[in-house]
Structures are given as structure tokens and as C-alpha cells.
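The values are calculated or read from the model by the stated rules, or taken from the named source; none is laboratory data. Quick caveat, the model's predicted, so the values are computed rather than measured. Here the Cβ positions follow ideal geometry from the backbone for every residue, glycine too, while neighbour counts run over all protein chains shown.
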Amino acid sequence: MKWDNSFSGIEYYSNVKSSSVEWIWYPYIPCGKITILQGDPGEGKSTLILHIAAILTKGATLPDGNKIQNPMTVIYQCSEDSKGDTIKPRLERAGADCRKVAFIKDDDGDLTLDDERIELAVKMTGARLLVLDPIQAFIGKNGNMQSVVRMRETMTKLANIASEYACAIVLVGHMNKTNGGKNIYRGLGSIDIAAAARSVLLVARDKDEPSKRYMLPIKSSLAPEGEPIAFELDRDKG
């Protein structure tokens, strides 16, 4: 029997340099990783992430009191709302520096999760946060969120972009109507979507106070689970 000694695909962890995880918002949104923000429609997911984006652009204080040291550029990509009459007014009400909030123009066709424009935009802007809201809108006509193989490939590609450019990627997602069971399994599509994320956050309504919402961690692979964050929606201001 002859051994093939030409294989060179082995490395040892003794040659790997240890490093610590960087965070956009500890312990909820890690830098260079994928985070999922999910919840039922109308629960305030977009409102929450727009306010977080606004805080990042100003170098302001996060809901838990942590201060952002330096203003950051954000890419906010939303397919469900108008940029002029909905998204920009919401950013302005949240106090965002709109000079630091970018979006990818879709003149050359609808943007998908596999689109090379995502990496180009992150590289060009130096964005530290990229939001795709909602994930279902960026699957593409030939996509299939239930396909394990397809979604694993797509999520791996996004994870590599996040890691390469130290950019936090937040995928905003609606939940299915299944009752019972763990919330992590209620995200639409293959479980590989949630499996690829290092953090999964749930936005849910307070049953006793309808205007109050909670952001709850339901998966935290890189840090202990954070405390629930409460916030209120002001319907008078949109």
C-alpha cells in the first residue's frame, strides 16, 4: 500500500493567531458576523434597527447605555418601503446622520443575497453595519428559502463578506405562523439561515401593553445572552 504524501491541506491550530470578537453592540450584534432580527410583521423590527443605525452614524449611546466611540457608516437596504416618503423620514426622526447611511441602487436589477453588489458596496463605503430588510425580499426569483444546500451556500458567502470587511450583517426576517416550539425554528425558510447566524434576536409585543416591545436574544453563540431590551413605538410619529 502506498501513501500519497503530496496532500498539503492540513494545518495546526498552533499556527492560528488567537483574537477576540469585536462588537457593534455587545452582546447582541457582533462585528464580522451575521445577526438575524426576527419577529411577526408589525412588531417594530425595522423601527428598532433604524434607531440602532442612527445611533451608529452619530456615535451616540445605545439603549443599554454603551457609548459608540466613533460614528460609523451604515448600509440600510429595504425593499418594502419608499426611500423618500418613509425610510428617510424615519431616519431623520431617529436622529441619523443621513450622510452616513447608504443604499445600493437597484437600477441594474433587483438585489439578491448572492449579488456581487453587496460586497462591492461594503468595500466602497467601509460600512460597519449592513441591514437587509426583510431577508425574504432578497432571495431572488429562482431562490428557495427552504433549500438547505442553496441557503447554506448563500449564508456562507454572506458570512465571508462580513468577516472579510469586519462588517456586521443584520438580516431582518418575518416569522412563520407555527405555534409552539422554539422561536428559533419560526424563522421563515431553512434552519440553515439561523444556523449560520452567530446571534438571533426576537422582537415581540408585550401582551399587556401593546405599544411596548421587547428585543430578546434567542441564540447567542459568541457571548452570554444579553438582557431583554424594552422599547416603545410612537404611532403618532410613524
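The table for this structure:
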item: Members of segment 30-52 that are surrounded by 23 or more Cβ atoms within 10 Å (Cβ to Cβ), among the β-branched types (Val, Ile, Thr) and touching a helix residue (DSSP H, G or I) at 6+ places or on another chain (Cβ under 8 Å); result: ILE34, ILE36
item: Residues of segment 176-211 satisfying the condition of being over 22 Å from the mean Cα position of the chain (by Cα) and either at pLDDT below 75 or part of a strand (DSSP E or B) (or both); result: THR178, ASN179, GLY180, GLY181
item: Top-ranked residue in segment 93-108 [being part of a loop (DSSP other than H, G, I, E, B) and in contact with a helix residue (DSSP H, G or I) (Cβ under 6 Å, 6 or more places away or on another chain); ranked as surrounded by the fewest Cβ atoms within 10 Å (Cβ to Cβ)]; result: GLY95
item: Any hit, segment 14-23, residues being among the aliphatic types (A, V, I, L, M), modelled with pLDDT of 95 or more and buried (at least 20 other Cβ atoms within 10 Å of the Cβ); result: no
item: Number of the condition not met by PRO224 [criteria: (1) part of a loop (DSSP other than H, G, I, E, B); (2) crowded, with 17+ Cβ neighbours inside 10 Å; (3) modelled with pLDDT of 95 or more]; result: (2)
item: Any hit, segment 9-27, residues being assigned to a loop (DSSP other than H, G, I, E, B), without any contact (Cβ under 8 Å) to a residue 12 or more places away in the chain and acidic (Asp, Glu); result: yes
item: Number of the exception - GLN77 against (1) surrounded by 15 or more Cβ atoms within 10 Å (Cβ to Cβ); (2) assigned to a helix (DSSP H, G or I); (3) in contact with a helix residue (DSSP H, G or I) (Cβ under 8 Å, 6 or more places away or on another chain); result: (2)
item: Residue pairs meeting the criteria (Cβ under 8 Å; at least 6 apart or on separate chains; first on the phi > 0 side of the Ramachandran plot, in segment 110-129; second in a loop (DSSP other than H, G, I, E, B)); result: GLY126/THR73; GLY126/TYR165
